[in-house]
1. Cβ-Cβ under 6 Å, sequence separation 6+ or interchain: first residue in segment 70-89 and farther than 14 Å from residue 52 by Cα, partner acidic (Asp, Glu). Which pairs?
2. Where residues in segment 140-178 are within 30 Å of residue 213 (Cβ to Cβ), in contact with a helix residue (DSSP H, G or I) (Cβ under 7 Å, 6 or more places away or on another chain) and polar (S, T, N, Q), which of them is modelled with the lowest pLDDT?
3. Output the number of residues of segment 12-36 satisfying the condition of being of a type outside the set (A, V, I, L, M, F, W, C), out of contact with any Leu (no Cβ under 9 Å at 6 or more places or on another chain) and surrounded by fewer than 20 Cβ atoms within 10 Å (Cβ to Cβ).
4. Taking interchain pairs and intrachain pairs at least six residues apart, which have beta carbon atoms under 7 angstrom, with the first residue in segment 29-58 and over 15 Å from residue 168 (Cα atoms) and the second of a type in the set (Lys, Arg)?
5. So, in segment 178-187, how many residues would count as being part of a helix (DSSP H, G or I) and crowded, with 19+ Cβ neighbours inside 10 Å?
Amino acid sequence: MKVNIYEESGYLNIAGILALGMPFNFIVGGRATGKTYGALKYTLDSGRKFMLMRRTQSQADLINKPEFSPFKPVCADMGLEIDMESLSKYNSAFMRGDDLIGYTCALSTISNMRGFDASDVDLLIYDEFIPERHERTLRNEGSAFLNAYETINRNRELQGRKPLQALLLANAFDIANPIFLELGLVGIAERMQARDQEVYINRDMGVVIILPRSERISKEKRKTALYKLTEGSTYSDMALSNSFSYNPTDRIKHRT
């Protein structure tokens, strides 16, 4: 099954990617290619209830504030209002009128929410799952993600339901990030990059990896002030060319 990973606008086609039906969907792309925006707009268009997860509690606390809601640009474009309602010290709810449409949480503290009933959630959006270079990794971060998935998924498959679908989004900071290392995906991502391959699907594992080049958007962003300043730099390669330029390839070991 082929998928067009771009919409006509040049931004990412989140609906088409998720329609492949894989439980684990990784999109590692350049900045401003429509990853988070597209994912949140998709939840509104599809009506799927979601959990929006960030790595740390401080990051989750920030998006729990209406002023920093990731829905702001989506709401501005669609003429909608999405409100925040605190549920606990760890998470909040996204409210569209009287309807609860999704939740927030943090990878670092989701273990404290194990009594939280997330059986109504069928889409986990893990935004910015690759830490920036200045950020510390969490202890056992890769396995922490797997435990978080299990906390939300629980026994739904044993009950005949479809598995929780996870959509993991990030910029190309580190090809040897904790989750890729945990799942043995580093070598696959490196080979994709070397071949300019944008899509990898492994149906046995239930995995999709998208490394979008987003050339139409990147071409326009190269004309902006920041990328004129950083032309030819590792930062520009990461942000626009979707290149893991901070990772020397001779230091990356493949997992067999």
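The values are calculated or read from the model by the stated rules, or taken from the named source; none is laboratory data. Owing to the predicted nature of the structure, the values given are computational and were not obtained by experimental measurement. Heads up, the Cβs are rebuilt from the backbone with ideal geometry, glycines too, and the neighbour counts pull from every protein chain shown.
1. none
2. Among residues in segment 140-178 that are within 30 Å of residue 213 (Cβ to Cβ), in contact with a helix residue (DSSP H, G or I) (Cβ under 7 Å, 6 or more places away or on another chain) and polar (S, T, N, Q), the one modelled with the lowest pLDDT is 171.
3. Applying the first criterion (of a type outside the set (A, V, I, L, M, F, W, C)) to segment 12-36 yields 13, 16, 21, 23, 25, 29-31, 33-36.
Narrowing the set further to residues that are out of contact with any Leu (no Cβ under 9 Å at 6 or more places or on another chain) leaves 13, 16, 21.
Filter once more, so that each one left must be surrounded by fewer than 20 Cβ atoms within 10 Å (Cβ to Cβ): 16, 21.
Residues meeting the conditions: 2.
4. So the pair list comes out as 32/221.
5. First, pick out the residues of segment 178-187 that are part of a helix (DSSP H, G or I): 178-183, 186-187.
Now narrow it down to the ones that are crowded, with 19+ Cβ neighbours inside 10 Å: 178-180, 186.
Selection size over segment 178-187: 4.
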